[in-house]
Structure formats: C-alpha cells, structure tokens
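Reviewing the structure listed below.
The values are calculated or read from the model by the stated rules, or taken from the named source; none is laboratory data. Predicted model, so just to flag it, every value in this text is computed and none were measured. All Cβ positions, glycine included, derive from the backbone under ideal geometry; neighbour counts span all protein chains shown. Accessible surface areas use protein heavy atoms only, side chains included; no ligands, DNA or RNA. Shrake-Rupley method; radii C 1.70, N 1.55, O 1.52, S 1.80 Å.
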Amino acid sequence: MYTAPNNRLWATCLLVFFALAGSLTARAQQAAQQLTQAQQQYPGEKAVYLDYRQDLTVEIVGDSVQVLARHHYDMLHLEPQSAMYADDRVFSSHFNRLQKVEARTLVPNGRDYKTVKVTDFKSKFETQPGIFYDDTRVTTFSFPQVAPGVRTVSDYTVRHPDSRFLQPFFFSSYVPVRHAELTITAPKGVKIDAKPFHTEQAGVQFSKQEKGNTVVYRWVAENLPTPPATTTPPKVATTART
C-alpha cells in the first residue's frame, strides 16, 4: 500500500468457525504454495495486492455527516525488486484525521507466517514550495524483512469530519490487484450518491443490502492487472458523497 496524495475487510467472522477444523492444512499450503501460484498468475510482476480494501462507515454526529474510513492492504512480494515497496506512508490533515495505523510483515516460517510488527512510525508536516501554510501531515514507516514470499499488511483508520472531503477509491494500483473492495455502511436516512468512473472495463460488481437500520453498498473487482507503463489509462474509481 502506497498512499500517495492523488493515488490510491477483512474475512467474515463466520469463516473462522467453519474453517477452524481445516485451518492447519490450509495454512500449511498457504505459505508454501501462495508465492508459486502468484508468480505463475502474474509473471514479471514485482508484487501483487492480495487484498485492497476500504470500508466507510457513515455517522450522524450532531448536525453533521461524518465518515470513518478503515483501510486494509495486503501485498504479497514476488521478486527481490519488490523491496522498493518497503517504505510506506499515510497522509492526513484537519479534514482527514488519522486515528490509528498498524503495519506488519508476515514472513514465511515453515507451514505458517511469523508476524513482525512495524514499531517505528514518524509523523511530520508535509511542506511544499510556494505554499504559505498546509496542514497536511505524513506518517511514514518501513516494513522489515521484505523479500519474495513475504506479505506486508497495513491497516489504518481515518475520520473525515466533513463527508464532502472524501477521496475517490481507486480499484487499480501500481501492481496487480487480486481483490479490490469498497463498502459503505450508512443509516437508511442518509442518501449515498456514488459516481463510478471507468468501472465497467474493470468488471466492478455492485450490490446493495439492507441490514437493520443501515444499508451496505459494496463494489468489488477481481484480478485487476497493472496499467501499462507506456500509456496513461483512465483511472478506475468510485467517488461517494452523502
């Protein structure tokens, strides 16, 4: 996950109970076979996003509409050159307030993965020439032990006190994306105005489901290739407004 300013959940809990008995076999295959399968599926690629997700929860706070955005990115490294993706960063500001950030490296360890947590996060104001004042902050960190077969996972939460300042969600990235997903959970009384851009060419699937007093909007895309480096393809994105 590389959260550039103009760039850029998890398994359902039921799976935990139904898959528990077979988890040892599945995990035994995962660390040993996942790298080989991904290298065959994405030849010549340095890395692939296994999971590229954003979950937005719309909240009514007083007389304002706020959004809590949870980001989850899981990258599998395929080649030694993927070490260039070890450094990462998250941007925030008054309108995009970083609440929490966690990152970890999953290192193959026999039949499973060993978790190595990122502990060093540095935050500072992002200054730009010619701008008198800019409250944009950047939080930087580096994943340790990046090598082929390693997975780097980041999770962070951003609160948007004004929903008008939401950023678009981009389904494609600078490496292939196996699974991309955007969900918006909102009270029934809140109208969601989502504007998809070029999503038809990526096969983005949309669904809507009512759950009690809320409505869950979901956009999903599978197996998105890396855009050609020699062209400037249109961005595949969804913008939501409340």
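Take the Cα of residue 126, step 7 Å toward its Cβ, do the same at residue 207, and the gap between the two points is 3.4 nm.
Taking Lys and Arg as +1 and Asp and Glu as -1, the other residues whose beta-carbon sits under 14 Å from that of residue 98 total +3. Residue ranking by accessible heavy-atom surface, 1.4 Å probe, largest first, among 113, 73 comes out as 113, 73. Multiplying the residue separation of residue 84 and residue 157 by 0.36 nm and subtracting their alpha-carbon distance yields 23.8 nm.
The tail of the calculated P(r) for segment 44-160, taken as Cα-Cα distances beyond 19 Å, holds 55 percent of the pairs.
Candidate cross-link partners of residue 195 among the lysines, defined by an alpha-carbon separation under 26 Å and a same-chain spacing of 8 or more, comprise 208, 211, 235.
Taking θ as phi - 60° and the Karplus parameters 6.51, -1.76 and 1.60, the scalar couplings of segment 213-220 work out to 8, 10, 10, 10, 9, 9, 10, 9 Hz in sequence order, x denoting glycine and proline.
Given a Förster distance of 25 Å, report the FRET efficiency between residue 60 and residue 136 from their Cβ-Cβ distance, rounded to the nearest 0.05.
Details: r = 27 Å, r/R0 = 1.09.
Efficiency, rounded to the nearest 0.05: 0.35.
Run the numbers for residue 147 and residue 179: contour at 0.36 nm per residue of separation, minus the present Cα-Cα distance, in nm. This chain segment gains 9.4 nm when fully extended. Accessible surface ranking for 184, 60, 192, 1.4 angstrom probe, highest first: 60, 192, 184.
R0 = 41 Å: FRET efficiency of residue 119 with residue 194, Cβ-based, nearest 0.05?
Efficiency, rounded to the nearest 0.05: 0.65.
Residue order by solvent-accessible surface for 200, 79, 181, 222 is 200, 222, 79, 181, largest first, with ligands and nucleic acids left out and a 1.4 Å probe. Over segment 75-223, the fraction of Cα-Cα pairs per 5 Å bin, rounded to whole percents and listed from the shortest bin up, is 2, 7, 13, 14, 17, 17, 14, 10, 4, 1, 0.
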